[in-house]
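Some notes on the structure that comes next.
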Amino acid sequence: MERLSLSAVTMAILLHSVMGISYYFLLARCSPAPLLGSWLFVASIGAVLQVVHIFPRWGCNCSSLCRLTLEMGVCLLTLDLMLTKLWCRIESLCHCAIVGILQQLVTEECTFANCEYWLLGITTSIIGACLLWFTVWATALPSRLRLDFTNWQTSVSLSVKRNIYNMAFGTPNMQHNSALRCQGSMQSFAS
């Protein structure tokens with residue numbers, strides 16, 4: 001299995017979020033929340049897509065343009081599904097909770113709209129940032145563990161080899177001292 005290429009994921013995110021070629025950004029806005037939280041959520045989905053193995057090894061029958069197009073299509077579809085099915089529900093839940101709280105506290109319509117916008121923006125941005133942090137941490141953890149295990153294995157291997165060598169042949173200082181003693185005794189014997 002192969003991972004999606006970084007260029008396909010990047011181009012899909014640019015088409016989807018920056019240029020707005022998306023069902024979510026065109027039709028399915030779930031709440032009046034600012035877009036920062038959804039962009040952070042898109043970045044976390046992009047991090048997952050870049051790590052996940054989706055396609056089997058490509059044969060010679062698919063050109064690089066064909067492969068890039070297929071990967072971008074999968075990325076765009078995944079981004080739209082995750083935004084409309086998961087993020088939309090998170091935004092709606094936050095919006096419902098904030099409106100319920102503000103109806104009890106604020107009576108003026110202008111103040112209500114401003115408080116709703118800012119509280120919804122802060123809440124969804126914090127949720128999106130937490131999801132992005134967790135995703136980046138979770139996707140980097142296996143490689144970090146593998147690297148740490150390899151480093152540990154290498155250091156243990158080197159120390160074991162060094163200890164065995166020292167036991168068999170002595171430490172380098174001992175070898176140097178014994179060579180000097182041997183040379184000194186040869187000189188005294190010759191005299």
Scanning for something within 24 Å of the chain's Cα centre (by Cα) and either modelled with pLDDT of 90 or more or part of a helix (DSSP H, G or I) (or both), does the range 102-119 turn up at least one residue? no
The range 66-89 residues that are within 14 Å of ILE45 (Cα to Cα), paired with ones that are in a helix (DSSP H, G or I) and of a type in the set (Phe, Trp, Tyr) (beta carbon under 6 Å, 6 or more apart): ASP80/TYR23; ASP80/TYR24; LEU83/TYR24; THR84/TYR24; TRP87/PHE41
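Would you be able to say whether some residue in the range 136-143 is within 14 Å of the chain's Cα centre (by Cα), modelled with pLDDT of 75 or more, closer than 30 Å to VAL48 by Cα and of a type outside the set (A, V, I, L, M, F, W, C)?
Scanning the range 136-143, I find at least one residue that is within 14 Å of the chain's Cα centre (by Cα), modelled with pLDDT of 75 or more, closer than 30 Å to VAL48 by Cα and of a type outside the set (A, V, I, L, M, F, W, C), so the answer is yes.
The values are calculated or read from the model by the stated rules, or taken from the named source; none is laboratory data. Owing to the predicted nature of the structure, the values given are computational and were not obtained by experimental measurement. Heads up, the Cβs are rebuilt from the backbone with ideal geometry, glycines too, and the neighbour counts pull from every protein chain shown.
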